[in-house]
Amino acid sequence: MIQSKNLTKTYGSQTVLNIEDLVIPKGQSFGLVGNNGAGKTTFFSLLLDLIQPTTGHVINNGVQVNTSEAWKPFTSSFIDETFLIGYLTPEEYFYFIGELRGQNKADVDGLLSQFEDFFHGEILGQKKYLRDLSKGNQKKAGIVASFIGNPEVVILDEPFANLDPTTQIRLKGIIKDLAKKGEVTVLVSSHDLSHVTEVCERIVVLNKGQIVRDIQTSEATLRELESFFAGKNRREEQH
Amino acid sequence: MFKHFVNLQWKSFFRSASLGKDMAIKALMVFFAVYMLVFLAMAGVGLFFLLERAFPESDPLAKVSEYLVYWLLIELFFRYFMQKLPVMDVKPLLMLPVKKRVITHYILAKSGGSLYNFFSLVLFVPFVVMLALHGYPLPNLLSWLLAVVCLSLTVNYLNFLINKNDRALIGLILVIIALYALNYFGVLSVTELTGKGFYAFYHFPLSMLVPLALALGTYALNYRFLRRRIFLDASLKKKTKEAVTADLGWTKKFGSIAPFLQLDLKLIWRNKRTKTQVFLSLAMIFYGLVFYTMDEFSNTSAMMVFAGIFITGIFLVNFGQFIPAWDSAYYSMMMAQNIPLRKYLESKAGLISASVVVMFLLSIPYVYFGWQALAINLSSALYNLGINIPLILFFGSMNKKRIDLDKSAFSNMQGTGATQFLVLIPLLGVPMIIFPALKFLISFEVALGVLSALGLVGIAFRKPMLDRITEIYRKKKYGMIAGFKEKNS
C-alpha cells in the first residue's frame, strides 16, 4: 500500500529522516516509535505531502504523493490540533469533513453513533466550539473525524497522548477493530511502548531519522523495545 | 520585588511579537505613533491660539475647562471598548512566592502607565506651557494639570470597574443620561457647572485634592474588587461563548463550492477580527462623501474613480489581501484533506464577488451627486470583479504569515507583510492611470467604458486565470504550510 524509496529530509546540514526502503502492505496496522526528534512526524508529514522530500518519494496505493493529489480521497489523518477548525462546533466539523469525502449528514451521523462510547458525552451537543474544548476532547474529535468517509489509509500521530485512561483503552479497541477487517492500513506513532505493542502488528523504531528496528509484534516485543530504549539512553549518557 | 516586575514588563515589551516584525512595518508603526503624538501636541499648542481668537473676551483655560467633561466622556467611551485590564499576565505569578496583595497592586499600577493615560498629557502639557508663557501663574497651572491627570486616572480605573461589572455600567449610563437631560431641558446647566468646577482647580490649587481623592478612591475600589478574584476560576478564566450551530442550507445552491462557502461565512461571523472588518467595510460606504462634497474635485475627476474602486472593493481589499492566511491555523489539514485547491479559491472569489455587488448596490444613493457618480461606481465594480479579484488572489499566494483569528481588528497588524502594501499599487494604481489618461486624451465616457470593458474581459477569462493561480498556490504550498505554523510572526 505504502512504499517509500530512498526517502530523506535534510534541513541545512542536518538530516532528520533517512529511510532507504520501507513497504507497508495493505491492511497492516503499523506502529512507529522513537524518542523526540526521531523523525516520526517528519515521516507522516512526507506521507501527507505537507513537506517536500529532499530525495526520494512516497508512493501511496500507486500514487506518488508529491506529484499527484489522487491519494487524498482514500487517505485521512489526524496529526495535531492544527487539523481542527477552531471556530466550528464538533458536529459542524464532522459534517464539513463528510462533505469533502462525499458523505451526507445521515452517513456522518451513522458513523458518529458508533463512537458514542468513545465520546463519553463530551463532544456532541455541547454547544461549544472546538477551540473551547479541552485538549483531550479536541483529540477525540480529530481522531473520529479521520474515520469519516471509509478511508483506506488512516494516519494518526500520537493519538494516545492527552487522552484519559478510559479513552485510551477505547481507542485501542477501535484501532484493533479497524485493523481486524484487513482493509484499512493504520499508521500510528506513539511514545507509549505498551500501547503500540498492543494495537500494532508491526513496529518500526526510528532513531535520529534511521530505521533501527523492524519488529513483527509478539509476546516478547514490549520487553525488547523497553530494553532497546533503556540501553540506548545509557549508551548516550556515556558519550 | 517591584524591581522584578519592572524587569518583566521591560522584557515583555521588547520581546513582544509586534516588535519582532519586519523593519518596514516597524518603521510604519513608529511613524504613525509619532504622527499621532505630534498631532496631539500641536493641537495642544494650537488650542490656545484658536480659543483666544474665537472667544477673545473669555479665558482660554475657562473654555477648555467647560469642554473638559466631554473629553473625559470620550476617553471613557474609547477605553471601554479598547482597554482591558491585563489580568491574564499574572497567571504565571500565582504559584510563585509572591503575595497576592503585591500582584494586585502590580496589575493596577501597571495600567496607570498605559498608553491611554498619555493622551491627555500630550494634549494638555503643551497647552499649559503656552498659558505659562502668556503669564499665567505656574503653581495654579500645575494644580490644574495635576487635577486633569488625576481625572484621567480616575477614568482609567472607572473603566475597569464598568468593564467587569454590568450594574456599574448601567448605573453610569443612567447618570450620564440624567445629566444630559437636565442640561438639555435647562433645569441645571451641567457643562457650566463642571466648567466652573474644573476652572476652580486653577483658582484654588487646594481643590485639586478632590480629583486626587477620586483617583485614589477608584483605585481602592478596583483593588478590593480584584484582590478577591485572583483565582484561576474567577477573573483569570477565559470566557467562552455558547456556540450557535448554523445550518446555512441555502448555500447548497452554489453546488460544489458550498462547503467552503459555509466555512468562510462561519469564519467571518465567528471571529472577532473578520467580523469587525465586515462592519468597517460597511461603514466605508460613506467614504465617497469625502470626495463628492469637496469643491476641488469635479464629479468626473479621477479621485471619484479612486473612491469608486475603494467603496466597491473595500471588502475585497480587507478580506482578500489575507487569503489564504485566514485559514492559516488549520492550513495543513486543508492541504492533507480531500480538497481540490481550485474549489477552495473559487469559493473565496465567489464570496468577494458577492461583497462587490452588495457594496455597489449600497452605493447607488450616490446618484444624488449626478449620473456620473453611479456610472463611475458601476464601472469600478466591474473592474473590481474582473481584474482585482484575480489580482488579489494572485498576490495571496505570497502570504506566508500566520493570523490568529481571535484577536481584534483594531491596530492588529498580524499577517501583514510587504505583500499587503505591494498589492495596493496595481489594485488602485492601474485604474488611476488608465482613467485619467483616457479621460484627458479622449473623453470621460470612453475612459469609463474602457474600465468597464477591462472588467468584463476579466470576468470572461476568470476560469483560465483561476487555473493559473491554482497552479501557483500548489507550487507555493510547502512554504505556506511552514510559514503558517510559525506563531508570533
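All of the numbers you see were taken from the coordinates with simple rules; none came from a lab. Bear in mind the structure is a predicted one, so any value in this text is a computation, not a measurement. Positions of Cβ are backbone-derived with ideal geometry, glycine not excepted, and every protein chain shown enters the neighbour counts.
Before moving on, here are some points about what is shown:
- The range A:1-129 has equivalent-ellipsoid semi-axes of 32, 17, 14 Å, by the square roots of 5 times the alpha carbon gyration tensor eigenvalues, sorted largest first.
- Cβ charges +1 (Lys, Arg) and -1 (Asp, Glu), total dipole of chain A, debye: 340 debye
- Considering only A:PRO90, A:PRO151, A:PRO25, the mean-square fluctuation computed in a Gaussian network model of chain A, springs between alpha carbons under 10 angstrom, is largest for A:PRO25.
- Fully extended contour minus Cα-Cα distance, from B:HIS134 to B:LEU174, at 0.36 nm per residue: 10.3 nm
- Cα-based helix-to-principal-axis angle, B:23-54 vs chain B, degrees rounded to 10: 50 degrees
- Along chain A, longest interval not containing exposed trypsin sites (Lys or Arg not before Pro), exposed being DSSP loop plus at most 12 other Cβ atoms within 10 Å: A:1-126
- Note on the range B:47-148: along the principal axes its Cα atoms extend 62, 30, 16 Å, ordered by decreasing extent.
- All Cα-Cα separations within the range B:123-200 were binned at 5 Å from zero, giving a P(r) of 3, 13, 15, 17, 17, 15, 11, 7, 2, 0, each value a whole percent of the pairs.
- Taking 7 Å steps out from each Cα toward its Cβ at A:THR67 and B:VAL45 produces label points 7.0 nm apart.
- Distant alpha-carbon pairs in the range B:293-356 (separation over 19 angstrom), percent: 49 percent
- Averaging the sequence gap over all C-alpha pairs within less than 8 Å and six or more residues apart, then dividing by the number of residues, gives chain A a relative contact order of 27 percent.
- For a straight C-alpha distance cut-off of 12 angstrom, the aspartates and glutamates reachable from A:LYS128 (same-chain residues fewer than eight places away being disregarded) are A:GLU91, A:GLU92, B:GLU242.
- Coordinate range along principal axes, alpha carbons of chain B, Å, largest first: 77, 61, 43
- Cα-Cα over 24 Å, subset of B:LYS84/B:LYS275; B:LYS272/B:LYS343; B:LYS253/B:LYS463; A:LYS135/B:LYS272; B:LYS11/B:LYS164: B:LYS272/B:LYS343; B:LYS11/B:LYS164
- Dipole size of the protein assembly as shown about its Cα centre, with +1 on Lys/Arg Cβ and -1 on Asp/Glu Cβ: approximately 1220 debye, rounded to the nearest 20.
- Ignoring the sites themselves, chain B has its longest run without GluC sites (Glu not before Pro) in a DSSP loop having at most 12 other Cβ atoms within 10 Å at B:297-485.
- Largest first and in whole Å, the equivalent-ellipsoid semi-axes of the protein assembly as shown read 55, 37, 23, each the square root of five times a Cα gyration tensor eigenvalue.
- Chain A: Cα Rg divided by the 2.2 N^0.38 Å rule of thumb: 1.02
- Working note: 222 nm ellipticity from helices only, DSSP H runs with n ≥ 4, each -39,500 (n - 2.57), summed and divided by the residues of chain A, gives -10500 deg cm²/dmol to the nearest 500.
- In plain terms, the bigger the Kirkwood radius, the slower the diffusion; for the range A:11-63, with that radius from Cα pairs, at 25 °C and 0.890 mPa s, Stokes-Einstein puts D at 196 µm²/s.
- When each of A:LYS9/A:LYS176; A:LYS139/B:LYS91; A:LYS9/A:LYS139; B:LYS266/B:LYS348; B:LYS3/B:LYS100 is checked by Cα-Cα distance, pairs over 21 Å: A:LYS9/A:LYS176; A:LYS139/B:LYS91; A:LYS9/A:LYS139
- Summing charges over all other residues whose Cβ lies under 13 Å from the Cβ of A:PRO151, with Lys and Arg as +1 and Asp and Glu as -1, gives +2.
- Highest-fluctuation residue, A:THR185, A:THR82, A:THR221 considered, GNM on chain A with Cα pairs under 10 Å: A:THR82
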